[in-house]
Amino acid sequence: MAWDPATVAIRMVRSVGVLLVGTVGFAASLRRLGGPAQAVEQSGWLYQQFGSQRVMYGMLALTGLMVLVGAVLTWNVWRK
């Protein structure tokens, strides 16, 4: 399958964007892990249902998945 350069550039920007957002989110989640939740965060439904540490583990899982997906997408576009 032959892609034109514009399609490759758009796909590369999207995949690198997912990778960067995932990496920044993962770093922020790691930094917040173990610390107490702020007052404004404790009013949220997720914090009331699961507690602050479980929400942080969920954020780590979600952003870790974003990093993985972004890396795979970037690798696939880079090979083409």
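Other residues whose C-beta falls under 14 angstrom from the C-beta of residue 42 contribute a net charge of +1, scoring Lys and Arg +1 and Asp and Glu -1. Between the residues 75, 42, 61, the greatest Cα displacement towards the positive end of the dipole of the chain, with unit charges on the Cβ of Lys, Arg, Asp and Glu, is found for 75. Values (i) 1.03; (ii) 1.18; (iii) 1.45 are given for comparison; Cα Rg over 2.2 N^0.38 Å, derived from the coordinates here, is the one labelled (iii).
Protein heavy-atom accessible surface, 1.4 Å probe, per residue over segment 1-70: 71 Å². Counted residue by residue at 0.36 nm each, then reduced by the alpha carbon distance between them, the extension gain from residue 46 to residue 6 reaches 10.3 nm.
The calculated 222 nm mean residue ellipticity attributable to helices in the chain amounts to -27500 deg cm²/dmol, summing -39500 (n - 2.57) over DSSP H runs of n ≥ 4 and dividing by all residues. Measuring nothing but protein heavy atoms, the accessible surface of segment 17-80 at 1.4 Å probe radius is 70 percent carbon and sulfur. Note the angle between two axes, namely the Cα long axis of helix 52-79 and the longest principal axis of the Cα atoms of the chain, as a number of degrees from 0 to 90, rounded to the nearest 10. Here the helix axis deviates by roughly 10 degrees. Between the Cα long axis of helix 5-32 and the first principal axis of the chain there is an angle of about 20°, rounded to the nearest 10. Tally Lys and Arg at +1 and Asp and Glu at -1 over the other residues with C-beta under 14 Å from the C-beta of residue 8: what net charge comes out? Cβ neighbours under 14 Å give a net charge of +3.
The values are calculated or read from the model by the stated rules, or taken from the named source; none is laboratory data. Keep in mind the model is a prediction, meaning the values are calculated, not measured. Methodologically, a virtual Cβ is constructed for each residue, glycine included, from the backbone with ideal geometry; neighbour enumeration extends over all protein chains shown. The accessibility values were calculated without ligands, DNA or RNA, using every heavy atom of the protein model including side chains. Shrake-Rupley method; radii C 1.70, N 1.55, O 1.52, S 1.80 Å.
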